Each structure stands twice: as structure tokens, then as C-alpha cells.
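Here is the structure we will look at, set down as C-alpha cells.
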């Protein structure tokens, strides 16, 4: 009798331990999101900024559209990948010995952005990642008809085809339930790659206006965007009744 009671006690303790371990197991979530960003764009070049004949438009628009996939461990730690189509550039006002004209440089790129994301229980988030951009098109327009040597036929030859940026973002969920989040945030992006490799040319030196100072600094794309995300949780990895983990899709 004592042996039976002892075995029942051991069995009860093991059952309680197993149940507790299952309760403590961390669920892994899988989600997809549609997202859009809008903000400013600056092709940061110290020599151009210091040129008294060149005025920067620091509110040159930038736009990004695309989606992301995220794996979230528990409720807080996320690892994801953005795939975005982006447009950015720089608008200049140039004074060439009293002949003032506008120059607009417009670029588009395909961006791949792996990131780490921390989300708090209150809905705020912080993200950090890298952005690998492949330039798809470059277009230059001027408000006057002059003899510009840099035109749309050969402008691609002056630029790097790829550049890499650091990305920092933060925001908050303005709507949240078990399956859907709507997030509003801000994302800062800074390229530490020169898009004019080895200072191969000055972006404002177009054969008509020639800066008096030789360019000796990099040209780095910078932007700050407001971000809208609609995030949908479509599956999770949890424990089945047999104790083994498996991927379970929401119906």
C-alpha cells in the first residue's frame, strides 16, 4: 500500500511539473505586414552644403511601399525582413552667376531590410536594422534649358548601383488585438555608403554650374519617415497535446 501511495505521489508530482513546464513554454508568433512610409530625403554632402551657391531642400520627399515578415519570440523579441520599393532624391536651387535654376535628382531603389524589434507589453516598439538598397532608376531634371553634360542617358554611370544604410525606428500600436496590429512610427535611415564612389563626381557639377571647391566628401542618403504598418498574425509555434512543438495556422 505504501508503495502504491508513493508511486501515485511521484506520478502526481511529475504531472504537475510537466503541466507547469508546458504553461511556461514560450509561444513563437509569425506575422506578415503591409507598410508605407513618407518623409524627407537628403543626399548629405558637406561640400555641397557649404557651397554658398547651392541651396538644399531638406524636405525633398521620400516614399517607401512594401511588406514585411516577422518571427516574434514570446510577446517582445522580434526578428524580421522588410522588402520595400522606395523613391528618394534631392532638390537643389543653384545660383550660377545670377542665373538661378532648380535641379531635381530622383532615384528609386529596391530595399531589403533585416531587423531586430523589441515590442513592449504596452504596444510601443523599438527596431534596429540594416537596409541593403539596389538602385533601379535615376532621373535628373533642370528648370532651364542649358548645356548639361550630365543627362538621363549617362547619369547611371556616375552612381553606385548599391548602398547600405543603418535604420533606427520606434512607434506604437494604435490598435491591437490577438490577430491584428495597426502601428504608427518613425524610421530614421542613414547610408554609410558613398553613392558617388571615391568622390567620382559632384552631384551639382553638371557642366553648366561648376563648383569652385573640389568635392572631397561622401554623398550619403539620409531620410526620416513616418511609418504605417498593418500587421497580421497568421500562425504560431506552440505545444501540441502530445508535448511536441508544431506550427499551427489560424483559421
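All of the numbers you see were taken from the coordinates with simple rules; none came from a lab. Computed from a prediction, not measured in an experiment: that's the story for all the values here. Here the Cβ is made from the backbone with ideal geometry for all residues, glycine too, and neighbour counts use every protein chain on show.
Relative to the current alpha-carbon distance between residue 76 and residue 154, full extension at 0.36 nm per residue lengthens the span by 23.3 nm. Protection proxy ranking of 69-80, 42-53, by the mean of other Cβ atoms within 10 Å over each peptide's residues and highest first, is 42-53, 69-80. Using C-alpha pairs below 8 Å separated by at least 6 residues, the relative contact order for the range 28-249 is 23 percent.
Panel note: the C-alpha atoms of the range 28-249, placed on their principal axes, show extents of 79, 29, 27 Å (largest first). Fewest-first ordering of 218, 178 by other beta carbons within 10 Å of each residue's beta carbon gives 178, 218.
Could you please rank 60, 108, 141, placing first whichever residue has the fewest other Cβ atoms within 10 Å of its Cβ?
On the way: 60 20, 108 17, 141 11.
Final ranking by Cβ density, sparse to dense: 141, 108, 60.
The Kirkwood radius of the range 26-94, taken over pairs of alpha-carbon atoms, gives through the Stokes-Einstein law at 10 °C and 1.306 mPa s a diffusion coefficient of 107 µm² s⁻¹.
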